[in-house]
Amino acid sequence: MFSRHVTKQISAYCHGELSSEESKQFAEHIISCVKCRTKFEEVKLGVKLAEQLPQLSAPKHLWSDVEYLLDTPRPAPVSSPLWSWPVQVTAAAVLIVVLSFATLWFQGKPSIPRQRVPEISLNPSWQVTRIEGTPKIGTEQISKNGSLGVGEWLETDENSRAQIAVGLIGHVEIDPNTRVRLLTNQPTEHRLELARGRMSAQIWAPPRLFFVDTPSAVAEDLGCAYTLEVDDHGASFLHVTAGWVELGLKDRTSIVPAGAACETQPGIGPGTPFFLDASLPFRAALSSVDFHHDASVRSTSLMVLLNEARARDSLTLWHLLPRVYGSDRVRVYEKLAALVPPPPGTTREAVLQLDEKTLEGWKLSMEWGWIGGGKGKGKVWSKFAQDKDVLSEREKKMAPK
Amino acid sequence: MERHARMAEQLIDGRVIEACQQGDREAFHILFETYKDKVFSIAVYSSGGDRDVADDVTQQIFLKLFTAIRQFRGDSEFTTWLYRLVVNACLDERRRRRRLLPWGETTAMKNPSEKKPQEKQFARLEVAEAVREAIGELKPKFRLPILLKYIEGLSYEEIANVMGCSKGTVASRLNRGHSQLAKRLSHFNNPAAWGE
């Protein structure tokens, strides 16, 4: 069933109408199928829009109008050639309605027994399982299992850990000294807030269904596994172990692939992503470029960073292009072009003017190298392959000869 | 609010329906109060946003309900039976209006609220208003499953029972309805448009 395209199941998936197994198979297919993923994004927008449809209030006079119709027998209409047959039928039906109700009405008025019913929970919660220690939901300690409702906090102390099942789409492991809150639980949006501490997420859903808000950025899952840590000042550190994560705050966005990491700072947002196997001077320089308040320090650090950059660090250089200005941007462009030549038709001017289409085209030509793929990306891969010391065995095998 | 509505629905048990079948006006009133907003909402969205038409349709639906409730034997859920009445009444009204409209005249959605909300500057309200209009432009076979899903909160199986079709057909129509909404309102595919 799921070896073929799954476009017909998209709404059912969004509404939780598929079984757990079907949902998992759906997600696995959609992650690997561009066609279905494109359609999924479209239908998901449709679902999000339809969710905004408000229920309207009936006018107050409606009951009195209905009662009037019930109580007032209306004269039978005079037959006229102008009356079409549907109108005659409708009028007859109304008369029958009124007469029938009058008959019912005079049969007596039994009292209405009413029954109290238990309150219905409208905020389905997420299952929480204690791993060790005594995690708390609100003020309640979890002995084995618990449930986290929308708006509730889950907190672990220095000796406790817990796991949260994110609906049907994945799970999150909560490390010691962590505080998280469930913000939204909807088919198209599963959102946690990580106030402090560390969590590891494994999500097998299609992209952009799972979000984590931190004090300095929002992590948006693009089909992945990752660890996210927030310190007491609200700064965070993201490390992606599979797939991709997008970190964003307002108009600043960083796309982080597996093997890469990204820092965020309150008031600034996400820094520039980098591969964890980059040299220490490169990483230290990047931190200054991203967050140092002194422009001259940033400029000097940029020189160090460019000297240290390898082909694989094109991830960082590509993200830096819109974040530096003037001669610094020219330097970043020249280094990036030397490491990974831009696709045919790309002009220096278009890149320096940050033409969106041009930058996207260049990124596409590099992406497969960032994630360790590379079929058909021979040129880029040969450049990556020169960094023999930074490629894993698997990556070396995959690189074109 | 939604919780209260759901609790009220729970109050409509077999005994209330039995009292209605015996002509108890108070029981009818409870039934009316429980479902009036949902029935009216579907009528508004199905009549192109014309509240006057929706008023008439809602009245007719409740008159029909009060008359026909004696025939309700409990073979299906009461809500399934009710929403079948609603869907049929909305489709009948649409057919009637199409016969009366001159050639070429459309039934584009009018603004269902007479006064635009003062808070229209808020992005979410703008989205809601745009969705109302776009819903009015969908074909009934795509619009009605969306209304039953989002206004009534029915499952696919319940929608299938109301519309007399299979669950697969419901899934397919919802899919196409969602796609059409997304295409008509593609400019909302941007967080800024939602005030985010």
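Readers should treat all values here as calculations from the given coordinates under stated rules, not as data from a laboratory. Here the structure is a predicted model, which means the values were calculated and not measured. Counting neighbours? That spans all protein chains shown, and the Cβs are built from the backbone with ideal geometry, glycine included.
Below is a table of values for the structure above.
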{"read-out": "Relative exposure of A:303, A:199, judged by other C-beta atoms within 10 Å (fewest first)", "value": "A:303, A:199"}
{"read-out": "Point-to-point label distance, residue B:33-residue B:76, nm (Cα→Cβ direction, 7 Å offset)", "value": "2.8 nm"}
{"read-out": "Extension gain, residue A:355 back to residue A:147 (0.36 nm per residue minus Cα-Cα distance, nm)", "value": "70.1 nm"}
{"read-out": "Simple spin-label estimate for residue A:165 and residue B:13 in nanometres, 7 Å along Cα-Cβ", "value": "3.1 nm"}
{"read-out": "Pairwise label distance in nanometres, residue A:65 with residue A:241, each label 7 Å out on the Cα-Cβ vector", "value": "6.2 nm"}
{"read-out": "Residues residue A:227 and residue A:334, FRET efficiency given R0 of 30 Å [Cβ-Cβ distance, rounded to 0.05]", "value": "0.30"}
{"read-out": "Cleavage-rule hits, GluC sites (Glu not before Pro), the stretch B:19-100, DSSP coil, Cβ neighbours within 10 Å at most 13", "value": "B:77"}
{"read-out": "FRET efficiency for residue B:186 and residue A:327, using Cβ-Cβ distance with R0 set to 56 Å, rounded to 0.05", "value": "0.90"}
{"read-out": "Burial ordering of A:48, A:136, fewest other beta-carbon atoms within 10 Å first", "value": "A:136, A:48"}
{"read-out": "Cα-Cα over 23 Å, subset of A:44/A:136; A:60/B:38; B:139/B:167; A:48/B:141", "value": "A:44/A:136"}
{"read-out": "Phi to ³J(HN,Hα) by Karplus 6.51 cos²θ - 1.76 cosθ + 1.60 over the stretch A:333-347, Hz, x for Gly, Pro", "value": "4, 5, 5, 5, 5, 6, 6, 9, x, x, x, x, x, 7, 9"}
